[in-house]
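Structure first, then comments.
The values are calculated or read from the model by the stated rules, or taken from the named source; none is laboratory data. Only a predicted model underlies this, so the values are computations on that prediction, with no experimental measurement involved. Positions of Cβ are generated from backbone atoms using ideal geometry, with glycine treated the same way; all protein chains shown enter the neighbour counts. Accessible surface is based on the protein model in full, side chains and every heavy atom, while ligands, DNA and RNA are left aside. Shrake-Rupley method; radii C 1.70, N 1.55, O 1.52, S 1.80 Å.
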Amino acid sequence: MTAGLKFNETLYPGVEVSYSCDEILYQEKTEHQDLVLFTNPVFGKVLMLDGVTQVTTKDEFIYHEMMSHVPILAHGSAKTVLIVGGGDCGLAEEVLKHPTVERLVQVEIDASVVDFSKEHFGDFNEGVLDDARFELVIADGMKFAAETDRRFDVVIVDSTDPHGPGEVLFSEEFYRNVHRMLTPGGVLVTQNGVPFLQKDELVTSIERFSRIFKDAAAYIAAIPTYFGGHMTLGWASDNPDLRRQAASLLEERFKAAGFETQYYTPDVHAAAFALPKFILDAVEEGRAKA
Ligand code: SAM
């Protein structure tokens with residue numbers, strides 16, 4: 001037991017979110033980042049990388065469902081999916097629920113994150129590593145994107161924030177390489193922060209998307225442990241219709257996929273693109289700067 005020990009999230013100077021720690025399950029300074037996995041009485045297992053909350057067993061479903069089912073059901077016939085990051089493999093578990101997905105490649109820079117997630121995050125990544133469709137590549141997503149000649153219908157960047165190893169995954173060069181990797185009509189979705197506290201991150205991503213893709217947008221989800229209100233998921237595609245699918249069509253596709261969810265519904269999917277004014281303003285600001 002580690003009575004009295006607390007871990008503070010230090011992402012936002014001037015604000016600290018403090019988690020009491022019942023037990024430290026794993027701690028390591030890897031070659032890429034400081035990694036700690038601990039248990040908290042409210043959120044269960046909590047993973048922090050470089051002092052930033054990444055995933056908890058209590059609310060991971062919100063984030064993983066919205067980052068996977070929105071692009072895949074909007075696309076309608078995604079066979080090949082790429083995840084960049086996503087070391088806890090919770091996102092991979094959601095992607096693999098889609099029977100239409102024939103291949104899922106995950107490019108994760110830090111093998112340690114995957115290794116301990118196998119042991120400690122079985123609650124939400126069960127079966128991923130044994131799925132014949134799943135291919136894990138331990139590499140920098142930036143390098144993979146620059147060098148691969150493989151093509152994907154959906155690319156999902158489940159990265160850390162733009163500090164440390166994750167920074168390159170917010171660059172225009174990376175987005176250009178993703179654009180090259182996408183099949184016609186494909187879609188990129190990115191972890192794009194909490195705009196109430198990280199507005200510039202969203203503006204900059206939209207600005208860069210707008211220089212490369214025909215449609216640059218964002219959608220929202222409310223993840224309790226991503227402190228500060230709505231989280232935005234960046235959206236980029238050369239097919240502007242993809243994010244305007246009717247809830248009835250999404251309903252049809254969701255029913256055909258045949259799995260249960262705890263957050264995602266076709267109505268929530270359609271509504272997620274209706275942005276609060278201050279977030280829409282940030283998206284418009286990014287488009288205007290391109
Ligand atoms: N849900 C979290 C969030 O929204 O911040 C992200 C979770 S996931 C643990 C983030 C993953 O991105 C980590 O496993 C980290 O190792 C990985 N990562 C960071 N930079 C990377 C890079 N350049 N290439 C590939 N993976 C990277």
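The table below lists the values:
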| read-out | value |
| --- | --- |
| Criterion (touching a residue at least 40 places away in the same chain (Cβ under 8 Å), open to solvent by 40 Å² or more (accessible area, probe 1.4 Å), charged (D, E, K, R) and within 16 Å of the ligand (Cβ to nearest atom)) met by exactly one of 123, 115 | 123 |
| Residue list for region 69-97, filter: of a type in the set (Gly, Ala, Ser) and within 16 Å of the ligand (Cβ to nearest atom) | 85, 86, 87, 90, 92 |
| Output for region 29-49, where each listed residue is within 12 Å of the ligand (Cβ to nearest atom) and charged (D, E, K, R) | 31, 34 |
| Test for residue 267: is it at pLDDT 95 or above, outside any loop (DSSP other than H, G, I, E, B), over 15 Å from the mean Cα position of the chain (by Cα) and under 26 Å from residue 58 (Cβ atoms) | yes |
| Helices (runs of 4 or more DSSP H) (entirely within region 141-242) containing at least 1 residues that are within 26 Å of residue 7 (Cα to Cα) and within 16 Å of the ligand (Cβ to nearest atom) | 195-212 |
| Search result, residues across region 167-193 that are in contact with a strand residue (DSSP E or B) (Cβ under 8 Å, 6 or more places away or on another chain), under 20 Å from residue 85 (Cα atoms) and open to solvent by 30 Å² or more (accessible area, probe 1.4 Å) | 179 |
| Number of the exception - residue 100 against (1) under 17 Å from residue 49 (Cα atoms); (2) more than 15 Å from the ligand (Cβ to nearest atom) | (1) |
| Sole exception among (1) assigned to a strand (DSSP E or B); (2) among the aliphatic types (A, V, I, L, M); (3) open to solvent by 40 Å² or more (accessible area, probe 1.4 Å) for residue 104, by number | (3) |
| Which numbered condition residue 82 fails, given (1) under 21 Å from residue 262 (Cα atoms); (2) under 19 Å from the mean Cα position of the chain (by Cα); (3) outside any helix (DSSP H, G or I) | (1) |
| Some residue of region 36-45 being within 17 Å of residue 164 (Cα to Cα), crowded, with 22+ Cβ neighbours inside 10 Å and in contact (Cβ under 8 Å) with a residue 60 or more places away in the chain | no |
| Only one of 227, 196 that is open to solvent by 20 Å² or more (accessible area, probe 1.4 Å), assigned by TED's automatic domain parsing to the domain that holds residue 277, modelled with pLDDT under 95 and among the hydrophobic types (A, V, I, L, M, F, W, C) | 227 |
| Qualifying residue in region 280-290 (condition: within 15 Å of residue 67 (Cα to Cα) and either of a type in the set (Ser, Thr, Tyr) or open to solvent by less than 70 Å² (accessible area, probe 1.4 Å) (or both)) | no |
| Among (1) over 17 Å from residue 66 (Cα atoms); (2) surrounded by fewer than 21 Cβ atoms within 10 Å (Cβ to Cβ); (3) not basic (Lys, Arg) - the single one residue 201 does not satisfy | (2) |
| Candidates 116, 43, filtered to the one that is aromatic (Phe, Trp, Tyr) and under 21 Å from residue 261 (Cβ atoms) | 43 |
